[in-house]
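The values are calculated or read from the model by the stated rules, or taken from the named source; none is laboratory data. Note that the structure is predicted; figures quoted are calculated from it, not measured. Using ideal geometry, Cβ is built from the backbone for each residue, glycine included, and neighbour counts are taken over all protein chains shown.
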Amino acid sequence: MYSPTKSLVLRLFKVDGAPPEPPRGAHDRVRVLRASPKYFTYSVLALLCAFAVLGGLLVVGCIAALFSSEPWAAAIPSGLLALVLALFSVLFFCARVDYELRYYVLTDKSVRVRHGAWIVDEKTITYSNVQNVRIVQGPLQRMFGISDVRLDTAGGGASVEAQKHGNTGHGVALAGIENAAEVRDEILGHLRRRAGGAGLGDADDERGPRRELSSRALATLREVVDEARALRRAAEERHGGAP
Amino acid sequence: MEASTAEQDAVVLALERPHPRLLVQYTIRSLAGVFMFPVLWLVHYFKYHTLRYRFGEDGISASWGILFRQEVHLTYKRIQDIHVSRSIVERYLGLGTVEIQTAAGSSRAELTVEGRPEYEAVRDFLYRRMRGHEPLATHSAETEPRDEARELLVALRDELAATRRALESQR
């Protein structure tokens, strides 16, 4: 039942669901990571936790209504319960689609993250602009052995709302991966090779400091060379003329 | 799809106005405001008609507004991240939004290129000009750019050596 619903919704939403193409250009290495299956279990559990209180209250309400003398008393809590269950199944479906449509593309220069179905969201950053790498893991995530690897850039502060969710700035998040330490090491390796600059749009100094001569200095140098040539000719002529 | 880099660049460099379908997108967005619809729609209507993009050699600029005019310029090298998002409305209209973030510290994108079907070309165009896209320099002689100053100095050295030899052989 899930996959026909999914393909219908994706067709309706005009989502192609394909992995993003890696950033253009020559790359030594392209690696596409996906969220761990445990990430889906984790999302569902988080959903269940969020619904537990509300659902529990409504179940208690239904049971209490059974003992009530009023014949209509059970209708309100059971109706609400049905509504909550419907909402839960929709959110369950969303969690599944969100899990399936997560792509993290790592190359030797940049990272591209695409996710989402309602809004298809794609971010591309280069390692040169990464300010810091973080691994974030909540207690539930630790239970499942997954964590988020976040790469922050200097791209401004996040909104207060986003900061509550641990997102303190711009950049990308590789959410729900199992091999966070290994991915972090790979990213740090790339970062070290691109260590130059502050990631704030500095001119690329990866070639080391290089100072160009001014055009006037170059012109003078050319004159000096001409002068040297003339001097050589003069010396050779005297040599030839007076042996 | 697999247009050459030069073709793609030409397409992006020529971009100036958003696609007319952006007005449809704006209208739908304004409808979400229910009672505020007339006001929102008017604001968006003027934004659509005054919106101009200019992709230059070093940077990109955008301007819009009729009562409150806005103009944003930024250089490609200062781009921190490129964010492409497509809402369901945009997908139906075949458009996309490219948000460009610099380190200026605002939580929203400093410059947004919206309402173009060429959002992927814009993304690739910007990515190629972003800092850190270039391959790491290998210090081999082949990849070094031509260095005229050094060539001149070598010529000077050779001339001086030949002069000295000529003078020495006179004695």
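Is there any pair linking a residue in the range A:62-89 that is closer than 26 Å to A:A46 by Cβ to one that is loosely packed, with under 12 Cβ neighbours inside 10 Å, with Cβ under 9 Å and at least six apart or on different chains, and which?
Close Cβ pairs satisfying both conditions: A:P77/A:V60; A:P77/A:I63.
Give the range B:46-93 a look and list any residue that's more than 23 Å from B:E134 (Cβ to Cβ) and within 9 Å of another protein chain (Cβ to nearest Cβ), or say none.
Correct list: B:S85, B:R86, B:S87, B:I88, B:E90, B:R91, B:Y92.
Take B:V39 and tell me if it is in contact (Cβ under 8 Å) with a residue 24 or more places away in the chain, surrounded by fewer than 18 Cβ atoms within 10 Å (Cβ to Cβ), in contact with a helix residue (DSSP H, G or I) (Cβ under 9 Å, 6 or more places away or on another chain) and of a type outside the set (G, A, S).
no
Counting residues that are surrounded by 14 or more Cβ atoms within 10 Å (Cβ to Cβ) and more than 14 Å from chain B (Cβ to nearest Cβ), which helices (runs of 4 or more DSSP H) fully inside the range A:1-107 reach at least 2?
Passing ranges, in order: A:37-66, A:75-100.
If you check B:E7 against the conditions, is it touching a Lys or Arg at 6+ places or on another chain (Cβ under 9 Å) and among the acidic types (D, E)?
Considered against the rule, which asks whether it is touching a Lys or Arg at 6+ places or on another chain (Cβ under 9 Å) and among the acidic types (D, E), B:E7 comes out as no.
Given the conditions (1) more than 7 Å from every other protein chain (Cβ to nearest Cβ); (2) farther than 22 Å from A:N132 by Cβ, and given that B:R108 satisfies all but one, which numbered condition is not satisfied?
All conditions are met except number (2).
When both residues are 6+ apart or on different chains and their Cβ atoms are under 8 Å apart, which pairs have a first residue that lies in the range B:52-69 and is crowded, with 18+ Cβ neighbours inside 10 Å, and a second that is among the hydroxyl-bearing types (S, T, Y)?
B:Y53/B:S61; B:I60/B:Y53; B:I60/B:Y76; B:A62/B:Y53; B:A62/B:T112; B:W64/B:T50
Have a look at A:G166, A:G189 and point out the one that is over 15 Å from A:L33 (Cβ atoms) and either modelled with pLDDT under 70 or facing chain B (nearest Cβ under 9 Å) (or both). Even if it seems obvious, please write down each step before you answer.
Values: A:G189 fails: either modelled with pLDDT under 70 or facing chain B (nearest Cβ under 9 Å) (or both).
The conditions single out A:G166.
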